[in-house]
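The values are calculated or read from the model by the stated rules, or taken from the named source; none is laboratory data. Predicted, not measured: the structure shown is a model, and the values here were computed from it. Cβ sites come from the backbone with ideal geometry, for glycine too, and all protein chains shown count toward neighbours. Please note that ligands, DNA and RNA were not included when accessible areas were found on the heavy atoms of the full protein model with its side chains. Shrake-Rupley method; radii C 1.70, N 1.55, O 1.52, S 1.80 Å.
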Amino acid sequence: MNKQEQISSIQMSMLLLFFMTGSSIVIVPAPLTNLGGNGAWISLLIAAAMGTLLLASILYLYRKNPELSLIGQSRALMGNTLTLILLLPLTCVMFWNVAGIVIEIGTFFKNTMLKETPTYAVNTMFFVTIALTALAGIEVIARMAAVLLALMFAFIILIWILVGSLYHPEYILPIMPDGIGPILNAAYVVYGFPYSELVVFAVILPFVRKKDKTKLGKHMYAALIVNTLTLILSVFSSIMVLGPLSGDLKYSLYQLARLIYFQELIERIESVIGFSLIIGFYFKASILLVILMKLLKELLKLDDERYLVFPVSFICLLLSVTTYTKEAELEELVNTSWPLINNITYVLPVLLILIVTVIRSQFGKGKKQEI
Amino acid sequence: MLGKLICVLLLSAGMLIYDIPRLKKSSSHDRIVYGIMMLPLLYLAFVFIAIFNLLSKPAEQIVHWLNPQQS
């Protein structure tokens, strides 16, 4: 993870797509349809619009100072002390965010495949893998993303095709039987996870090669559009197959995989598909850990952040087995507090830095014109 | 509890075996940061073996404001 590491704009957009789709493709459809009903896709569009604004903000900051990350920009604009005050809560929440992804995967395993295995054993295996991946660095992760992203999307599309015989398009109507309230509530939840989390990419955007700088915006927006379409199609397929039950059955894509029955040749393949879906969780946690290491390196002015990969992973592992160990508590957090926590710790610092940057650049323009 | 203790000890041993030779070559600043990182790690290990909720009330109010129908 040295300074010379560089990736292309396409690789960065693949990382964003993996980060946004990774765990949400399995988790999001159920709570979304539970809250928003058949209008869940409208909630997704509202949240995606908010996500697009956040992406535009971090890309604007990147264009202003392509060689500086979020921490560097904050230091240049507001000094060291204010940067520490702004970004320390972000760092603490990011520790839990990495742990939260692994809590979700631990719960997924516990409910579906490894019912007798203790959660800490599953989480430990996961964190050892994640730590080793983060240790390999962002270039290796970006190269892995191409293969694993194709694998994950291939399995998702395969599920949609193989459950084709079970689709009931009439389940999609009515769209808004209870008005706009449930739609806004669902939009709030899906804005918190995953859309507001994308601002953490402001930390690793300087890793993009200089010659790819002009193409980065186009590729990142394309990744966000693909992510939104994938989630919308996932919600639609879930509603069309499971109908009113789609909000009550967790891990709806996995539930769809369980229903696959094709000519007595292909059936009960949910474990194979389950493992491919786990790639999404693993990769999202790895990307977030790399971002956290980069953040710690700049915030604490370290020479090399590789020393801290194992201690930080260990702290995240211990957080994953000591916080929100009950499923209902975690669900409550994701559905109510997480969007607010994200807004305060992730979005607010970025918006403050953005406002100061805009004011500075306008003030600078005014001064130049006076001269 | 014994399983948890063995898990923590094995991971700690693996981590220190990997990190200590590298830390010897690093700067004193990096070593101090590594030492400070051990403090929350030890605390959490103790919690495991033997703040967000403060925001739950305002978050519930936001949800109620967005969707008054939800109890």
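Along the charge dipole of chain A, Cβ charges K/R +1 and D/E -1, which of A:271, A:112, A:224 sits furthest on the positive end?
A:224
What shape does region B:2-50 have by the C-alpha gyration tensor, where a ≥ b ≥ c are the square roots of the eigenvalues, rounded means a/c under 1.5, and otherwise prolate means a/b greater than b/c and oblate the rest?
oblate
What percent do you get for the relative contact order of region A:1-148 when only Cα pairs under 8 Å and 6+ apart count?
Once normalised by length, the contact order is 44 percent.
For chain A, what is the relative contact order in percent, using Cα pairs closer than 8 Å and at least 6 residues apart in sequence?
Across chain A, relative contact order equals 41 percent.
From other protein chains only, count the Cβ atoms within 10 Å of every residue's Cβ in B:3-10, then give the mean.
Neighbouring Cβ atoms belonging to other protein chains average 3 per residue here.
Report ³J(HN,Hα) in whole Hz for each residue of region A:22-32, in order, from the Karplus equation J = 6.51 cos²θ - 1.76 cosθ + 1.60 where θ = phi - 60°; Gly and Pro get x.
Here the 3J(HN,Hα) series is x, 8, 5, 4, 8, 8, 5, x, 5, x, 5 Hz.
Could you run the Karplus curve 6.51 cos²θ - 1.76 cosθ + 1.60 with θ = phi - 60° over region A:328-342 and give me ³J(HN,Hα) per residue in whole Hz, x for Gly and Pro?
Per residue, the Karplus-derived 3J(HN,Hα) values read 5, 5, 5, 4, 4, 4, 5, 7, 10, 7, 4, x, 5, 4, 4 Hz.
Can you grab the distance from the C-alpha centre of region A:166-221 to the C-alpha centre of region A:222-292, Å, no decimals?
So the two Cα centres are separated by 16 Å.
On average, how many beta carbons from a partner chain sit within 10 Å of the beta carbon of a residue in A:81-90?
Rounded to a whole number, the mean comes out at 0.
Leaving out ligands and nucleic acids, and using a 1.4 Å probe, what accessible area per residue does region B:2-50 come to in Å²?
Numbers: 3150 Å² over 49 residues.
Computed with neighbouring chains in place, this is 64 Å² per residue.
Can you send over the carbon and sulfur percentage of the accessible area for chain A, probe radius 1.4 Å, protein chains only?
Taking all protein chains in place, chain A shows 66 percent carbon and sulfur surface.
So what's the back-of-envelope 222 nm ellipticity for the protein assembly as shown, counting only DSSP H runs of four-plus at -39500 (n - 2.57) apiece and dividing by all residues, rounded to 500?
-24000 deg cm²/dmol
What list of ³J(HN,Hα) couplings, whole Hz, do you get for region A:243-257 from phi and the Karplus terms 6.51, -1.76, 1.60, once you set θ to phi - 60° and write x for glycine and proline?
So the Karplus estimates, Gly and Pro as x, are x, x, 7, 4, x, 9, 8, 6, 6, 4, 5, 5, 5, 5, 4 Hz.
So what's the net charge close to residue A:305: Lys and Arg +1, Asp and Glu -1, counting the other residues with Cβ under 10 Å from its Cβ?
The answer is -1.
So what's the net charge close to residue A:9: Lys and Arg +1, Asp and Glu -1, counting the other residues with Cβ under 10 Å from its Cβ? Kindly include the intermediate steps, with their values, before the conclusion.
Working: positive: A:209, A:211, A:213, A:215, A:218; negative: A:212.
With Lys, Arg at +1 and Asp, Glu at -1, the net is +4.
Net charge near residue A:324: determine it from the other residues with C-beta under 14 Å of the C-beta of residue A:324, scoring Lys and Arg +1 and Asp and Glu -1.
Local net charge: -3.
Using the Cα centre of region A:9-332 as the reference point, and only Cβ charges (+1 on K/R, -1 on D/E), how large is the resulting charge dipole? Debye, rounded to the nearest 20.
Taking the Cα centre of region A:9-332 as origin, the dipole is about 1180 debye.
Over region A:6-100, give the accessible area per residue in Å² for a 1.4 Å probe, as an integer.
For region A:6-100, the solvent-accessible area averages 30 Å² per residue.
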